[in-house]
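Below: one structure, written as structure tokens.
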Amino acid sequence: MPNVGSHDIRKIIFDNFNDTDVRFSNDEILGYLNQIDKYKELDDVLDFGDALLEMEKSGMLRPIAQNFNTRYYRLWNTLEQATCKACGFSTYFAPNEEGEACPQCGAKM
Ligand SMILES: [Zn+2]
């Protein structure tokens, strides 16, 4: 199954749910992912459960409920744009996430 890049998930959350009072679900994230051309073209089911789990572990996502395959989240902290000093790629991190790697080149950000 194709993996979804964590940057694409972070961008969707930053653009649509970047508020600690807003509840959102993996299904809503999937809806936005399906609007991105590179994922729209895929026939397979998008697999991003592991990416969400990583974001729970890093202290970005706060899981609040689960109903069958739908998982609901809030943000612990709002995301901020961060630019990699090594390659110039911009992505989004919560300020409490430490030692995050650039999704483009792997350098610490
Ligand atoms: Zn980089």
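The values are calculated or read from the model by the stated rules, or taken from the named source; none is laboratory data. Please read all numbers here as calculations on a predicted model, not as lab measurements. Note: ideal-geometry Cβ built from the backbone for every residue, glycine included; neighbour counts use all protein chains shown.
Residues that are aliphatic (A, V, I, L, M): which strands (runs of 3 or more DSSP E) entirely in the range 51-109 hold 1 or more of them?
In the range 51-109, 61-67, 70-75, 80-83 are the strands (runs of 3 or more DSSP E) which contain 1 or more residues that are aliphatic (A, V, I, L, M).
Select from the range 94-109 the residues that are at pLDDT below 95 and under 10 Å from Gly59 (Cα atoms) and list them in ascending order.
Answer for the range 94-109, where residues must be at pLDDT below 95 and under 10 Å from Gly59 (Cα atoms): Pro95, Asn96, Glu97, Glu98.
Would you confirm whether any residue within the range 3-20 is among the small types (Gly, Ala, Ser), buried (at least 18 other Cβ atoms within 10 Å of the Cβ) and not in a loop (DSSP other than H, G, I, E, B)?
yes
Conditions (1) in contact (Cβ under 8 Å) with a residue 60 or more places away in the chain; (2) over 22 Å from Gly49 (Cβ atoms); (3) within 16 Å of the ligand (Cβ to nearest atom); (4) under 16 Å from the mean Cα position of the chain (by Cα), marked per residue:
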| site | (1), (2), (3), (4) |
| --- | --- |
| Arg62 | no, no, no, yes |
| Asn67 | no, no, no, no |
| Arg71 | no, no, no, yes |
| Gln81 | yes, yes, yes, yes |
| Cys87 | no, yes, yes, no |
| Asn96 | no, yes, no, yes |
| Ala101 | no, no, yes, yes |
